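Everything on this sheet refers to the single structure shown next.
The values are calculated or read from the model by the stated rules, or taken from the named source; none is laboratory data. Just so it is clear, the structure is predicted and the values come from calculations on it, not from any experiment. FYI the Cβ positions are ideal-geometry reconstructions off the backbone, even for glycines, and counts take in every protein chain you see.
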């Protein structure tokens, strides 16, 4: 008995973990894409996981440099050329982002519009610390009257031609989603079958953690703690757009960065929108579009964008959700008022 | 006929290990409350804070100091060398998986420990 105990003792921690069904989990966090990134893998040795995460990190940093909306880089150069109109050669990152953005622009009826970079800049959101005062009505009107749209840009191979001098690209509404998709693709290429890529709270997860699905806690946007739990089903992205992400206050009023392309002003009445979709890019853009959509139009826009699971929290704290979202969420807050909204 | 024997050193070690495991799970707090905070500047871990020990800590970031306060089982930024102070506005963090960051100063704080109800947090 004494010999058996001596043999088993060094193995005790591993045996306890095995008895609990604990898989090997590798977790790394770092700063990239202007946010905090956490990647965790399950069921892969640490050397292989570390190497794969390092590659995913390189992809995220490359994408961030290329798509930054106001710092010097590839997109800044493209925007200079767009302002001059005419034909020029664009970089691969911008071309890829524009190709991804076009169908999302159309499916959202223009509520996701990456050609409104000039409007975001006019509002003071193209700087590290957003700052007012809000623009004059005339400044907003002159941009909206020009109706900037990604459709103003013709693409032929790597050549771009722009016909609207008010077009300035800002992929802030999908860059994080695109980055997460790239990271997931890279991890899979490196033989990772189970992982979560969490980019500043927005995430995509695939596979599972050992013998159970990944479990995600959705933090309460207006309070402390977790609003709801969510179990990932296979490969899914969970993205949220909220009025608390980038904003400033001027003369007692709060102005956030989610601008309604029709009014040119911050959308009102909503605190946050959370969506689930297979791809981060679509989920990211959809969360933006469904935030600025009006109460009576967001179900139609969600349907058009192929989004079934939506949670919209209004400024009174009421949770409006589709049936597909309601059946996925494990609400953790007592007393929350919920309303189920069917998609058309 | 039943026989009894005195417990040997191996038996005591197993009992102690089991006791330590139960104690650590209990100390980790209910549900998803974390027990420690890991502080980094860029990729380097510069401090590990016990959330049960109140205190104030100054972390030297890329631009200057970030001040962290541990109180009531939570950690928060109270000041930082940045212009936005979004880190300060993000408030207290006590749940395992929560992350507070002062991106301009490259300082991040991640809450660890807890019973681990969730693998990651969405916000």
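Matching residues to (1) surrounded by 16 or more Cβ atoms within 10 Å (Cβ to Cβ); (2) without any contact (Cβ under 8 Å) to a residue 40 or more places away in the chain; (3) within 10 Å of the chain's Cα centre (by Cα):
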| site | (1), (2), (3) |
| --- | --- |
| B:54 | no, yes, no |
| B:65 | no, yes, no |
| B:71 | no, yes, no |
| B:74 | yes, yes, yes |
| B:77 | yes, yes, no |
| B:81 | yes, yes, no |
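Here are B:97, B:113: which of them is surrounded by fewer than 22 Cβ atoms within 10 Å (Cβ to Cβ), at pLDDT below 90 and within 29 Å of residue A:236 (Cα to Cα)?
On the way: B:97 fails: surrounded by fewer than 22 Cβ atoms within 10 Å (Cβ to Cβ).
The unique qualifying residue is B:113.
For residue A:44, all conditions in the list (1) within 12 Å of chain B (Cβ to nearest Cβ); (2) surrounded by 12 or more Cβ atoms within 10 Å (Cβ to Cβ); (3) modelled with pLDDT under 95 hold save one; what is the number of the exception? Only one criterion in (1) within 12 Å of chain B (Cβ to nearest Cβ); (2) surrounded by 12 or more Cβ atoms within 10 Å (Cβ to Cβ); (3) modelled with pLDDT under 95 is unmet by residue A:44, namely (1).
When residues in the stretch A:133-192 are screened for being in a strand (DSSP E or B), free of Cβ contacts under 8 Å to residues at least 12 places away in the same chain and under 27 Å from the mean Cα position of the chain (by Cα), 1 of them pass.
Pick out, from the stretch B:64-112, the strands (runs of 3 or more DSSP E) lying fully within it that include 1 or more residues that are facing chain A (nearest Cβ under 10 Å). So that I can check it myself, show each step before the final result.
Details: elements: B:65-71, B:74-80, B:99-102, B:107-112.
Answer list for the stretch B:64-112: B:74-80, B:99-102, B:107-112.
Within the stretch A:244-283, the residues that satisfy the criterion of being farther than 21 Å from residue A:319 by Cβ, in contact with a strand residue (DSSP E or B) (Cβ under 7 Å, 6 or more places away or on another chain) and assigned to a loop (DSSP other than H, G, I, E, B) are A:246, A:257, A:261, A:278, A:279.
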